[in-house]
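Mind having a look at this structure? Questions to follow.
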Amino acid sequence: MNKNQKIAQLFSPAAFIHDTEENYQAIEALIREQEIGGLTFFHSRHSAAANFEKRAEVLDVSGTFEKLIGLINRYQKAAKIPLLISIDGEYGLAMRIENTPQYPFAISLGALKNDAEKWVKEVGYRMGLDMKRSGIHLNLSPCADVNTNPDNPVIGYRSFGNNPEKVSKLAFAAYSGMKKAGIGSCLKHFPGHGDTATDSHLGLPILHKTKAELEREELLPFQMGIDQGVELIMVGHLAVPALTGGKNIPASVSRELITDLLKGEMGFKGLVISDALNMKAVATLYTEPGELEWQAFQAGNDILCFSDHAKEGIEKIAQNASDSEVDAIFEKVMGLKTRLGAVETQPIAVPTFDWESHSQLQKGLAANYVSVISGELNPTQLQNLAAAGKLGYREFFSTSPSIFSQELGLSFGSIQEAEQVILAVFVPSHKPLNQFGMEQSVLDEIQTLAKSKPCILVHFGNPLALKHLGKLSDFEAVICAYQGFTETQVQAAVVLNGK
């Protein structure tokens, strides 16, 4: 292989499942002509990361999974060296593909009360099996970010929590589960995106902390992962001036951060993957096509994700990098492809999912994380009030009646005459934009009710949204279910009934 062909193995541009035939053919041409090493699949251009906030939360697109399998087979057929297929599926294939198994968000798994590491490893394993059967080799997850900023616009529900030790253990457990399934995974977003106030899809976050502070929080999960043999780490697009001589340079193109700190000081011997190179935090830094790719390469990235300029990037790296540098990284990438079974790729059929087994796992998880987080419940009193027609019920942001209301099995009277009211809130969005999708008028209504009558709040959604519902002490009790899954709705009813 010549130098350009070796460099091409580092590239993993975006491939969109829902796209035009013209764009599918353009990817095939890129595979044939540039001989790129991999592809990273996304749902559609409309929902690509940098545009995510502009779209509706739910896209009505059918046949996504079948299309994905067809495209993987089609693109692999076009490749001389089989492609390394990646996807960003932090909570499973469902993060990108409709009608596939969805697992709890990291924030929900962070609330597990018993045997958390064991459960999280099992979730990683199941996710990994789903992907392995689908022709995917690498899942660009989990987040090892410590979410110490509750107003973080981009991490939030994607983090296991705000405790560095817990995040370290659970991120490694998720990584280990995927590895057990034969899937590659990576800790991200080095050096830690949890305490930022800017979304790096849209701008450059700057983290103003000393190196000692960073070592206690942000860097800890990565160091613990390195010490336990993690093979892949993704570097984020955030600036940490304390680690780069005061410069506001994104970590993803900083040699000080990747080569000197991560590979040198912290002892990481595996592969470094760049975060998506189309993100606004870096995409606007270099106007000449290919320059960003070269900067990412020379900083120490081994795999370049979501490059919009693969051809120019390959040429620019070939001009500037030595043969020995290229050979070393090429060997690392080919070693990864071999370990993950990518070099023996065969055409795959559309797999089926064991939905019953998935539901059983969800039930076990829900029983472990659905909790009373404030106040106390009195199930006997609820039963008596219901029998007397003095128990009220309202649900918000849902398609009424919910599974939860049916599972409660209680009779409800009018709110006006009720002596106690159950308020079920189905948070519309897991992202903080526009108060997690909750209208202010509805939030005002909930807060007014909580102050006028004894209310029990049952919160189905991201717990970071609770701050918009008023003080927790305004409610008699608060049950946090974390997700709106059928299994969590059933479990919340079990908790409320005191079973």
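The values are calculated or read from the model by the stated rules, or taken from the named source; none is laboratory data. None of these values were measured; they are calculated from a predicted model. Note that we place each Cβ from the backbone using ideal geometry, even for glycine, and neighbour counts take in every protein chain shown.
For ILE456, are the conditions met, namely being in a helix (DSSP H, G or I), touching a Phe, Trp or Tyr at 6+ places or on another chain (Cβ under 8 Å) and within 19 Å of SER402 (Cβ to Cβ)?
no
Which one of these does TYR286 not meet: (1) on the phi < 0 side of the Ramachandran plot; (2) surrounded by 24 or more Cβ atoms within 10 Å (Cβ to Cβ)?
In the conditions (1) on the phi < 0 side of the Ramachandran plot; (2) surrounded by 24 or more Cβ atoms within 10 Å (Cβ to Cβ), TYR286 misses (2) alone.
Given the residues SER176, SER168, SER159, which is the only one that is out of contact with any Phe, Trp or Tyr (no Cβ under 7 Å at 6 or more places or on another chain), among the polar types (S, T, N, Q) and more than 26 Å from PRO250 (Cα to Cα)?
On inspection, the qualifying residue turns out to be SER176.
In addition: Can you find a residue that is surrounded by fewer than 17 Cβ atoms within 10 Å (Cβ to Cβ), modelled with pLDDT under 95 and not assigned by TED's automatic domain parsing to the domain that holds ASP474 anywhere in segment 346-355?
Checked against the condition, which is being surrounded by fewer than 17 Cβ atoms within 10 Å (Cβ to Cβ), modelled with pLDDT under 95 and not assigned by TED's automatic domain parsing to the domain that holds ASP474, segment 346-355 yields at least one hit.
Quick one: which of ALA367, ALA318 is of a type outside the set (Val, Ile, Thr), assigned to a helix (DSSP H, G or I) and farther than 30 Å from GLU122 by Cβ?
None of the others qualify; the one that does is ALA318.
Here's a follow-up. Could you count how many residues in segment 99-146 are farther than 27 Å from LEU68 by Cα and not basic (Lys, Arg)?
Result for segment 99-146: 14.
Now for a different question. Test PHE297 against the stated conditions and say whether it is within 18 Å of the chain's Cα centre (by Cα) and either touching a residue at least 24 places away in the same chain (Cβ under 8 Å) or part of a helix (DSSP H, G or I) (or both).
Here the answer is no, as PHE297 does not meet what is asked.
HIS208 fails exactly one of the following numbered conditions: (1) modelled with pLDDT of 95 or more; (2) over 22 Å from the mean Cα position of the chain (by Cα). What is the number of that condition?
Looking at each condition in turn, HIS208 falls short on (1).
Still on this structure, I have one more. Name the single residue that is surrounded by the fewest Cβ atoms within 10 Å (Cβ to Cβ) among those in segment 24-38 being touching a Lys or Arg at 6+ places or on another chain (Cβ under 8 Å) and part of a loop (DSSP other than H, G, I, E, B).
GLU35
OK, next. Given (1) exposed (fewer than 15 other Cβ atoms within 10 Å of the Cβ); (2) touching a helix residue (DSSP H, G or I) at 6+ places or on another chain (Cβ under 8 Å); (3) free of Cβ contacts under 8 Å to residues at least 40 places away in the same chain, identify the lone condition not met by LEU433.
Condition not satisfied by LEU433: (3).
Pairs please, first residue from segment 359-387 and closer than 28 Å to GLN102 by Cα, second anywhere and among the β-branched types (Val, Ile, Thr) and part of a helix (DSSP H, G or I), Cβ atoms under 7 Å, 6+ apart in sequence or on different chains.
Partner pairs satisfying both residue conditions: ALA366/THR488; VAL370/THR488; VAL370/VAL495; VAL372/VAL495.
Among the residues of segment 376-421, what is the count of those that are surrounded by fewer than 17 Cβ atoms within 10 Å (Cβ to Cβ), small (Gly, Ala, Ser) and within 35 Å of the chain's Cα centre (by Cα)?
So the answer is 1.
Across segment 234-283, which residue is surrounded by the fewest Cβ atoms within 10 Å (Cβ to Cβ) among those that are of a type in the set (Ser, Thr, Tyr) and over 22 Å from the mean Cα position of the chain (by Cα)?
Restricting to residues being of a type in the set (Ser, Thr, Tyr) and over 22 Å from the mean Cα position of the chain (by Cα), the top hit is THR259.
Filtering segment 116-134 down to residues that are surrounded by fewer than 23 Cβ atoms within 10 Å (Cβ to Cβ) and small (Gly, Ala, Ser), which residue is nearest to LEU207 (Cα to Cα)?
Among those residues, the one meeting the criterion is ALA116.
Let me ask something else. Go over the candidates LYS332, LYS311 one by one and state the one that is in a helix (DSSP H, G or I), of a type in the set (Lys, Arg), surrounded by 15 or more Cβ atoms within 10 Å (Cβ to Cβ) and touching a helix residue (DSSP H, G or I) at 6+ places or on another chain (Cβ under 9 Å).
LYS311
State which residue pairs qualify: first residue assigned to a loop (DSSP other than H, G, I, E, B) and inside segment 207-231, second residue acidic (Asp, Glu) in any location, beta carbons under 9 Å apart, and separation of 6 or more residues or different chains.
Filtered contacts from segment 207-231: LEU207/ASP195; LEU207/GLU218; LYS209/ASP195; LYS209/GLU217; LYS209/GLU218; GLU217/ASP195; GLU218/ASP145; GLU218/ASP195.
Can you run down the residue pairs with Cβ atoms below 7 Å, 6 or more apart or on separate chains, where the first is in segment 472-499 and more than 12 Å from ASN368 (Cα to Cα) and outside any strand (DSSP E or B) and the partner is hydroxyl-bearing (Ser, Thr, Tyr) and at pLDDT 95 or above?
What qualifies is LEU472/SER374; PHE475/SER374; GLN483/SER108; GLN489/SER402.
Moving on. Can you name every residue in segment 470-491 that is buried (at least 24 other Cβ atoms within 10 Å of the Cβ) and under 24 Å from ASN99 (Cα atoms)?
Result: ALA481, TYR482, GLN483, THR488, GLN489, GLN491.
Yes/no matrix, rows are residues, columns are (1) surrounded by fewer than 24 Cβ atoms within 10 Å (Cβ to Cβ); (2) more than 27 Å from PHE353 (Cα to Cα); (3) touching a His at 6+ places or on another chain (Cβ under 9 Å); (4) assigned by TED's automatic domain parsing to the domain that holds PRO101:
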| site | (1), (2), (3), (4) |
| --- | --- |
| CYS143 | no, no, yes, yes |
| ASP151 | yes, yes, no, yes |
| PHE160 | no, no, no, yes |
| ALA181 | yes, no, no, yes |
| LEU187 | no, no, no, yes |
| PHE190 | no, yes, no, yes |
| GLY194 | no, yes, no, yes |
| LYS211 | yes, yes, no, yes |
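Among the residues of segment 460-469, which ones are in contact with a Phe, Trp or Tyr (Cβ under 8 Å, 6 or more places away or on another chain) and either hydroxyl-bearing (Ser, Thr, Tyr) or crowded, with 18+ Cβ neighbours inside 10 Å (or both)?
PHE460, GLY461, ASN462, PRO463, LEU464, ALA465
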